[in-house]
Amino acid sequence: MPERGASRLSVRPTARGWQALVAGVVTLVVARLIGTTQFHQLAYALLALPLASLVLGVMGTRGLRYSRALPPGVRIMAGTPAKLRLLLERSRFGAPKASVEDRLPGPRRFDFSTTRERSTIEVPLTFARRGVYTLGPAEVRVADPFGLLRFARTDRETAEMVVYPQVQELRGFPLRGGNMEAGTTGSRGRRGEEFANLREYRRGDDRRHIHWKSLAHTGELFVKEFSLQAPRRHTVALDLRREGLRTQENEVEDAVSTAASVLTHLAGEGLPFRLLETGSGGADTGFGSDEGSYWEAMRVLATVRADGVRHLGETVLGERGGLGEGVVLVSRTRDEELPHCVRKLRETGLSVIVVALATHAYRSPHVPGDAAQGRQAEFLRSVGRLEAAGATVRVVSPPAGAAGLSGARGVEAVR
């Protein structure tokens with residue numbers, strides 16, 4: 001959102017303007033000394049030029065407006081080139097040439113050389129990192145027709161530019177709209193309205209679906225099953241716990257990009273999604289499937305930091321009952337209780353996918369061969385424990401990052 005600020009006009013002589021002023025003053029001094037009428041007339045003419053330039057320049061800056069905007073419907077992703085539209089508006093009698101110095105977010109200069117009242121140029125922008133950037137303030141500069149004075153209007157209005165995390169296409173990712181995902185048991189999908197049958201009550205079943213008449217007749221709990229007409233809801237839980245004194249930026253960026261890619265995949269499949277993260281902000285977007293919900297979650301991912309204290313498994317288990325029918329856990333720190341979390345979730349009938357970052361490859365890329373093999377073996381054992389607990393596991397490792405999820409499956413990427 002733009003932030004309003006006062007616009008201020010400043011006037012400075014150009015090199016030619018200083019020459020005219022000095023020449024006028026010198027000529028006037030000479031005229032006073034020798035008393036020649038022609039010198040007085042010349043001195044007044046030289047001194048009148050800057051005054052005329054001032055009047056013409058002030059008129060030329062009236063109606064001068066500068067603004068910037070993205071093309072309609074365009075949003076910027078980290079590392080992806082985009083174009084920003086710069087618009088300069090001026091009055092009919094405005095200066096034909098103008099230049100703008102703006103911060104986008106670094107200082108850049110642009111020339112507008114046209115007599116049109118509205119001039120637009122497009123400039124390329126690329127942001128290497130996600131985040132929220134401030135554009136501006138800007139300074140618009142024009143000169144009078146004689147080139148004696150330079151007029152600068154400082155526009156202190158700034159604009160907020162949200163740069164979203166990189167998104168990768170997840171071909172072959174085990175989530176499909178209308179189908180049962182890998183790691184699912186039973187018919188635990190979000191229910192439609194059509195009654196299917198009765199089955200015995202299992203821990204975690206919605207109590208609203210208990211068939212009370214059966215309880216009265218048999219003394220046992222039964223629940224109603226419905227046809228799988230509504231799409232299955234999924235929670236994407238992102239591990240943002242701070243581990244150690246120094247956090248690897250590439251590791252965090254790949255984890256955030258992975259979460260963003262999974263959300264994009266769910267949205268493309270028409271599956272309702274919810275974002276849950278374990279950073280200090282503890283953002284929770286709630287379930288949604290429309291465009292507004294998607295960009296709300298992406299805005300959260302644009303600003304999150306690895307500064308949390310809670311383990312991923314602890315956070316997710318604390319949300320049981322509100323996770324929907326499936327969970328995607330994006331794990332990047334050591335969590336010995338994560339297999340226990342997976343097991344508990346599977347017991348309630350939820351599908352569980354764990355996207356595990358090969359953290360040893362990010363944090364110790366240049367360790368000796370034996371040590372590297374030992375850390376890789378330890379990582380593979382942790383993956384095995386997650387699979388034994390019932391999770392479908394995918395691995396993210398450098399340099400491919402989230403893009404590697406469309407390639408090798410399971411632990412193939414790190415073998």
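The values are calculated or read from the model by the stated rules, or taken from the named source; none is laboratory data. Everything numeric in this text was worked out from a predicted model, so none of it was measured. All Cβ positions, even for glycine, are placed from backbone atoms using ideal geometry, and neighbour counts span all protein chains on display.
With respect to Leu84, is the statement that it is under 30 Å from Gln168 (Cα atoms), surrounded by 19 or more Cβ atoms within 10 Å (Cβ to Cβ) and modelled with pLDDT of 90 or more true? Judged against the criteria, Leu84 is a match. No other residue among Gly244, Gly281, Gly292, Gly270 is more than 23 Å from the chain's Cα centre (by Cα), at pLDDT 75 or above and of a type outside the set (Asp, Glu) apart from Gly244.
For segment 134-151, name all the residues that are surrounded by 14 or more Cβ atoms within 10 Å (Cβ to Cβ) and within 17 Å of Ala69 (Cβ to Cβ).
If the condition is that a residue be surrounded by 14 or more Cβ atoms within 10 Å (Cβ to Cβ) and within 17 Å of Ala69 (Cβ to Cβ), then Leu135, Gly136, Pro137, Ala138, Val140 are the ones that fit.
Among residues of segment 387-415 that are modelled with pLDDT of 60 or more, those with a beta-carbon under 9 Å from a residue that is of a type in the set (Phe, Trp, Tyr) at least six positions away or on a different chain give the pairs Arg394/Phe173; Val395/Phe379; Ser397/Tyr362; Pro398/Tyr362; Leu405/Phe173; Ser406/Phe173.
Can you find a residue in segment 114-130 that is within 23 Å of Leu56 (Cα to Cα) and in a strand (DSSP E or B)? Even if it seems obvious, please write down each step before you answer.
Residues of segment 114-130 that are within 23 Å of Leu56 (Cα to Cα), as a first pass: 114-119.
Add one more test, that the residue is in a strand (DSSP E or B), and what stays is 118-119.
Yes, segment 114-130 contains at least one residue that is within 23 Å of Leu56 (Cα to Cα) and in a strand (DSSP E or B).
Tell me, yes or no, whether segment 303-313 has at least one residue that is of a type outside the set (A, V, I, L, M), free of Cβ contacts under 8 Å to residues at least 60 places away in the same chain and either surrounded by 21 or more Cβ atoms within 10 Å (Cβ to Cβ) or on the phi < 0 side of the Ramachandran plot (or both). Within segment 303-313 (the criterion being of a type outside the set (A, V, I, L, M), free of Cβ contacts under 8 Å to residues at least 60 places away in the same chain and either surrounded by 21 or more Cβ atoms within 10 Å (Cβ to Cβ) or on the phi < 0 side of the Ramachandran plot (or both)), the answer is yes, since at least one residue qualifies. When Gly131 is tested against the conditions (1) in contact (Cβ under 8 Å) with a residue 60 or more places away in the chain; (2) at negative phi, the lone failure is (2). Restricting attention to segment 334-366 and to residues that are out of contact with any helix residue (DSSP H, G or I) (no Cβ under 7 Å at 6 or more places or on another chain) and part of a loop (DSSP other than H, G, I, E, B), the residue that is surrounded by the fewest Cβ atoms within 10 Å (Cβ to Cβ) turns out to be His366.
Output the residue which, of all residues in segment 39-72 that are surrounded by 19 or more Cβ atoms within 10 Å (Cβ to Cβ) and among the small types (Gly, Ala, Ser), is modelled with the lowest pLDDT. Residue satisfying both the conditions and the ranking: Gly60.
Conditions (1) aromatic (Phe, Trp, Tyr); (2) closer than 18 Å to Gly404 by Cβ; (3) buried (at least 24 other Cβ atoms within 10 Å of the Cβ); (4) touching a helix residue (DSSP H, G or I) at 6+ places or on another chain (Cβ under 6 Å), marked per residue:
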| position | (1), (2), (3), (4) |
| --- | --- |
| Val223 | no, no, no, yes |
| Arg232 | no, no, yes, no |
| Leu240 | no, no, yes, no |
| Gly244 | no, no, no, no |
| Val252 | no, yes, no, no |
| Ala255 | no, yes, yes, no |
| Thr258 | no, yes, yes, yes |
| Glu291 | no, no, no, no |
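Residues of segment 383-406 that are small (Gly, Ala, Ser) and surrounded by 17 or more Cβ atoms within 10 Å (Cβ to Cβ): Ala389, Gly390, Ala391, Ser397, Gly401, Ala402, Ala403, Gly404.
Give Ser119, Ser91, Ser113 a once-over and let me know the one that is over 30 Å from Leu301 (Cα atoms), touching a Phe, Trp or Tyr at 6+ places or on another chain (Cβ under 8 Å) and outside the structural domain of Ala302 (by TED's automatic domain parsing).
On the way: Ser91 fails: touching a Phe, Trp or Tyr at 6+ places or on another chain (Cβ under 8 Å); Ser113 fails: touching a Phe, Trp or Tyr at 6+ places or on another chain (Cβ under 8 Å).
Matching residue, one of Ser119, Ser91, Ser113: Ser119.
Within segment 114-149, restricting attention to residues that are hydroxyl-bearing (Ser, Thr, Tyr) and more than 24 Å from the chain's Cα centre (by Cα), which residue is farthest from Leu86 (Cα to Cα)? That would be Thr115.
All of Gly270, Gly288, Gly292 fail the test of being out of contact with any Leu (no Cβ under 9 Å at 6 or more places or on another chain), closer than 20 Å to Pro174 by Cβ and in the same structural domain as Ser351 (by TED's automatic domain parsing), apart from Gly270.
Being within 22 Å of the chain's Cα centre (by Cα) and touching a residue at least 12 places away in the same chain (Cβ under 8 Å) is the requirement here; does Met77 meet it? The answer is yes for Met77.
With respect to Leu104, is the statement that it is loosely packed, with under 13 Cβ neighbours inside 10 Å, of a type outside the set (Gly, Ala, Ser) and not assigned by TED's automatic domain parsing to the domain that holds Trp295 true?
Numbers: loosely packed, with under 13 Cβ neighbours inside 10 Å: no; of a type outside the set (Gly, Ala, Ser): yes; not assigned by TED's automatic domain parsing to the domain that holds Trp295: yes.
Answer is no for this residue.
All conditions in (1) in contact with a Leu (Cβ under 7 Å, 6 or more places away or on another chain); (2) surrounded by fewer than 18 Cβ atoms within 10 Å (Cβ to Cβ) hold for Gly131, with the sole exception of (1).
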